[in-house]
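Report on one structure; see the data block that follows.
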Amino acid sequence: MGTAATADTLRIATYNTELQREGPGLFLRDLARGEDEQIDAVLAVIATANADVLALQGIDYDLTSEALSRFAKAAGYPHHFALRPNTGMPTGLDMDGDGRLGGPRDAQGYGRFSGQGGMAILSRLPIDARNVQDLSSILWRDVPGALLPNVDGAPFPNEEAQAIQRLSTTGHWVVPIIGPNGPFDLLTFHASPPVFDGPEDRNGKRNHDEIMLWLKLLDGTVGTAPTGPFVIAGDANLDPVDGSGIKAAIEALLGAPDLQDVAPRGHFGTDTVDWDDPVPGDLRVDYVLPSTHWRVIDSGVLWPDPDDPMADTVAMASRHRLIWVDLAY
């Protein structure tokens, strides 16, 4: 797996831990008990990866940050960061058009409670939290070129819902990290899966636009583009070849001139998630994409050979695999 970064090299990783629980406070409860096999497995995976900066998805948000603080300490990271995600954020409207209110799909992003399955950053390097750029409140319809869902030419589910619908399912953050050779930005997100909808393709179009938001940031259409080194690290929920979704989005991101598609590999090539066979099966949906400022030293998907002693732990932790890239600048 390799060792941690030297003064000239940084290991940046992303990992959808799937640690989200079914109710508020349950993640903190399970952490405090110290007897949860999945949490232990996730911590073992994180320890094996030995990343300097780690973007996490699928981890419940709590307002006091007590759960994240405990988790960061258990993982051996002195710095951590999280903002309230859009997951589970109530809207009071029927956002999915099923005629009912208050369901998990009626929130700004899918969630059974506010903060379910949020995002976080763990870091050995200081995080400049005062200068974070949070794009999570941008309305979907305000994004230039948005692929808004419609049925028979009418907004889906209706104009009232689209007037308040945020683009980010979970969040889009630009987080400055104080590196040993100068600052850089970590751009992280967790996009909606492009399935679980109807002919209006609400989730597919939202997934497309969530991925494309990074390109709009980089060209100055939305927000403030990074001026120095940066890394996009997160769960795009879209494979460039297989599975569902509008492939043009991830193709455009992977082909962006400002980015390098390192294409980390594990035992199953570039695939990063083990969903139930035969559909959709193994896919590449998690990405670490450094800007062209960086020199790539090494990379990998922490997906060991089935005979590896770590294989069972990796499988127990999450269906997703941790992705890492070693960089220098």
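Here ALA252 meets the list (1) of a type outside the set (Lys, Arg); (2) in a helix (DSSP H, G or I); (3) closer than 27 Å to ASN203 by Cα; (4) without any contact (Cβ under 8 Å) to a residue 40 or more places away in the chain almost entirely, failing just condition (4). Contact map, segment 200-215: residues that are farther than 16 Å from PRO240 by Cα paired with residues that are among the acidic types (Asp, Glu), Cβ distance under 8 Å, separation 6+ or inter-chain. Pairs shown: ARG202/ASP96; ASN203/ASP197. With (1) buried (at least 22 other Cβ atoms within 10 Å of the Cβ); (2) in contact with a His (Cβ under 8 Å, 6 or more places away or on another chain) as the list, and SER69 as the residue in question, which single condition is left unmet? If we test SER69 against (1) buried (at least 22 other Cβ atoms within 10 Å of the Cβ); (2) in contact with a His (Cβ under 8 Å, 6 or more places away or on another chain), just (1) comes out false. In segment 216-240, of all residues being more than 24 Å from ARG11 (Cβ to Cβ) and free of Cβ contacts under 8 Å to residues at least 12 places away in the same chain, the one that is surrounded by the fewest Cβ atoms within 10 Å (Cβ to Cβ) corresponds to GLY220.
Restricting VAL143, VAL151, VAL174 to residues that are out of contact with any Ser or Thr (no Cβ under 7 Å at 6 or more places or on another chain) and within 21 Å of ILE59 (Cα to Cα) narrows the list to VAL174.
ARG166 fulfils the conditions (1) touching a Pro at 6+ places or on another chain (Cβ under 9 Å); (2) within 20 Å of ASN237 (Cα to Cα) except for a single criterion, (1).
Candidates are the residues of segment 90-109 that are in a loop (DSSP other than H, G, I, E, B) and in contact (Cβ under 8 Å) with a residue 40 or more places away in the chain; the one that is farthest from ARG124 (Cα to Cα) is GLY97.
Kindly indicate the residue of segment 255-274 that is part of a loop (DSSP other than H, G, I, E, B) and hydrophobic (A, V, I, L, M, F, W, C) and also farthest from HIS208 (Cα to Cα) among those meeting that condition. Here the residue is PHE268.
Of the residues screened, TRP294 is not one that is in contact with a Gly (Cβ under 7 Å, 6 or more places away or on another chain) and either surrounded by 14 or more Cβ atoms within 10 Å (Cβ to Cβ) or on the phi > 0 side of the Ramachandran plot (or both).
Out of ASP282, ASP271, one residue alone is surrounded by fewer than 23 Cβ atoms within 10 Å (Cβ to Cβ) and either touching a Phe, Trp or Tyr at 6+ places or on another chain (Cβ under 7 Å) or free of Cβ contacts under 8 Å to residues at least 24 places away in the same chain (or both). It is ASP282.
Restricting the first member to segment 155-167 and to residues that are among the aromatic types (Phe, Trp, Tyr), and the second to residues that are surrounded by fewer than 17 Cβ atoms within 10 Å (Cβ to Cβ), the beta-carbon pairs closer than 6 Å and six or more apart or on different chains are PHE156/ASN150.
Might you let me know whether segment 112-119 holds any residue that is surrounded by fewer than 19 Cβ atoms within 10 Å (Cβ to Cβ) and either modelled with pLDDT of 95 or more or not aromatic (Phe, Trp, Tyr) (or both)? Checked segment 112-119: at least one residue is surrounded by fewer than 19 Cβ atoms within 10 Å (Cβ to Cβ) and either modelled with pLDDT of 95 or more or not aromatic (Phe, Trp, Tyr) (or both). Of the residues making up segment 105-129, just one is over 19 Å from the mean Cα position of the chain (by Cα) and over 18 Å from VAL53 (Cβ atoms), namely ASP106. Taking the criterion of being assigned to a strand (DSSP E or B) and not β-branched (Val, Ile, Thr), the residues of segment 294-313 that qualify are ARG295, ASP298, SER299, GLY300.
Listed here are the residues, each with its yes/no results for (1) farther than 16 Å from ARG124 by Cα; (2) surrounded by 15 or more Cβ atoms within 10 Å (Cβ to Cβ).
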site	(1), (2)
THR17	yes, yes
GLN38	yes, no
ALA44	yes, yes
ALA47	no, no
LEU56	no, yes
ILE59	yes, yes
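The values are calculated or read from the model by the stated rules, or taken from the named source; none is laboratory data. Being a predicted model, the structure only gives us computed values, none of them experimental. Cβ atoms come from the backbone with ideal geometry, glycine included; neighbour counts cover every protein chain shown.
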